[in-house]
């Protein structure tokens with residue numbers, strides 16, 4: 001690996017570590033059980049390596065579907081091993097497509113009335 | 001952070017660069033929805049790791065989550081994802 005690639009790798013690792021640190025701190029406060037720094041570092045390392053597996057899987061799924069762009073369909077396959085996770089992801093996908101529809105409505109200029117309609121229905 | 005209640009998530013840019021750096025072929029691209037979903041999956045992964053470690057620490061009556069607790073939950077965590 002070249003020096004340049006090595007550096008981006010390190011930076012990405014640091015970014016992942018930072019976000020995980022924040023997540024752990026929040027959970028530690030919520031459940032009144034703090035995480036040692038070693039645990040945060042271990043979770044970061046695990047997540048980083050898991051990402052490697054996820055990325056290679058996503059690439060293979062996309063290739064199998066004869067695409068060169070990874071789509072939401074491929075992400076659905078990543079979440080196939082756990083029922084709860086795949087349901088969660090399915091809901092997220094619906095949420096995203098709903099948002100896209102809403103933003104289209106916005107450009108059509110009918111947003112306000114419809115949004116209030118939807119809010120009252122919820 | 002300005003809003004303490006705001007959801008902590010991985011930045012879109014980070015996830016996109018992270019995944020791209022692991023792709024074997026350079027021409028593989030990511031759709032923006034796929035990036036958002038992967039950020040969500042990674043968040044769930046980290047939360048699972050953290051909460052399971054906390055549960056393990058709780059069952060051992062420890063006030064702090066230590067590496068040994070994480071070690072114990074790691075195999076099942078990896079099998080679940």
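Throughout, read-outs are computed from the coordinates displayed, never taken from laboratory work. Not measured: the values here are computed from a predicted model. A quick note on method: Cβ atoms are made from the backbone with ideal geometry, for glycine too, and the neighbour counts reach across all protein chains shown.
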Most mobile listed residue (A:95, A:73, A:45) in chain A, GNM with C-alpha springs under 10 Å: A:95
Using alpha-carbon coordinates, inclination of helix B:67-80 to the longest axis of chain B, degrees: 50 degrees
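Ranking A:69, A:47, B:14 by Cβ neighbours within 10 Å, fewest first, what do you get? The partial results should precede the final answer.
Working: A:69 13, A:47 22, B:14 19.
Fewest-to-most Cβ neighbours within 10 Å comes out as A:69, B:14, A:47.
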Could you pull out which residues in region B:7-25 have an amide N less than 18 Å from a spot 7 Å beyond the Cα of residue A:67, following the Cα-Cβ vector? B:16-17, B:19-20, B:23-25
What residue among A:29, A:94, A:59 has the largest mean-square fluctuation in a Gaussian network model of chain A, using Cα springs under 10 Å? A:29
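Shape of the protein assembly as shown from its Cα gyration tensor (a ≥ b ≥ c, root eigenvalues): rounded if a/c is under 1.5, otherwise prolate when a/b > b/c, or oblate? Present the calculation step by step, with values, prior to reporting the outcome.
Details: a/c = 1.86, a/b = 1.26, b/c = 1.47.
Here the protein assembly as shown falls in the oblate category.
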Mean projection area, nm², convex hull over Cα of region A:1-82: 7.4 nm²
Honestly region A:1-49 on the Cα gyration tensor test (a ≥ b ≥ c root eigenvalues; a/c under 1.5 rounded, otherwise a/b vs b/c for prolate or oblate) is just prolate
Hey, if you drop one equal point scatterer on each alpha-carbon of chain B and run the Debye formula without solvent, what base-10 log of I(q)/I(0) do you get at q = 0.24 Å⁻¹? -1.07
Where in region A:30-61 is the amide nitrogen less than 14 Å from a point lying 7 Å along the Cα-to-Cβ axis of residue B:63? A:32-36
On a 0 to 90 degree scale, rounded to 10, what angle separates helix B:32-59 from the longest Cα axis of chain B? 10 degrees
Angle in degrees between helix A:3-31 and the longest Cα principal axis of chain A, rounded to the nearest 10: 70 degrees
Per residue of A:97-108, how many C-beta atoms from partner chains lie within 10 Å of its own C-beta, taken as a mean? 0
For the pair residue B:17 and residue A:104, how long in nm is the line joining their label points, each one 7 Å along Cα→Cβ? 3.4 nm
